[in-house]
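The structure under discussion appears below in the form of structure tokens.
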């Protein structure tokens, strides 16, 4: 995951608006975030994959309508994802007469403030030092255990816990400033 400044992101968006083949760069930068966002709300792998693909199809189709307002591009993608999840939940409710599941599915819609808050968190994570960022992403986005992360990174569990602690402290500091 490479770090992209706000101005770099804006330039990528403008380039993709002029030449849709440049959208691939935005896709690469945001795929993991959007997939994790959808996966946390859907829990079904095939549905997560379908909805994530739908989000990027919608983003590409509507890129010309995107207006830069200073919020990260991911916030717009999360809003598309939130709407796609809500639409899917409504379709599932229509197909299912089970009223108890409809209550759970109707909670899938996330308000814009929550989407923007999550986007700020993702941006703050992107700015963490590499080791801390990897641990935070593996631990919270990919939901891996400390042991799994230690094995993957070739570090001790204690080192991973320390990186996680420092990463979370850095995030708290960065987010309290904003």
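The values are calculated or read from the model by the stated rules, or taken from the named source; none is laboratory data. What you are looking at is a predicted structure, and each value in this text was computed from that prediction instead of being measured. All Cβ positions, even for glycine, are placed from backbone atoms using ideal geometry, and neighbour counts span all protein chains on display.
Values as computed for the structure displayed
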| quantity | calculated |
| --- | --- |
| Residue 55 being modelled with pLDDT of 90 or more, surrounded by 13 or more Cβ atoms within 10 Å (Cβ to Cβ) and within 11 Å of the chain's Cα centre (by Cα) | no |
| Test: residue in the range 93-103 that is assigned to a helix (DSSP H, G or I) and either at pLDDT 85 or above or buried (at least 20 other Cβ atoms within 10 Å of the Cβ) (or both) | no |
| Count of the range 30-77 residues which are part of a helix (DSSP H, G or I) and over 20 Å from residue 11 (Cβ atoms) | 24 |
| Contacts under 6 angstrom Cβ, first residue in the range 83-99 being within 24 Å of residue 114 (Cα to Cα), partner at pLDDT 85 or above and surrounded by 12 or more Cβ atoms within 10 Å (Cβ to Cβ), 6 or more apart | 84/51; 84/54; 84/55; 85/41 |
| Filtered residues of the range 155-178 (kept if surrounded by fewer than 13 Cβ atoms within 10 Å (Cβ to Cβ) and part of a helix (DSSP H, G or I)) | 158, 165, 169, 172, 173, 176, 177 |
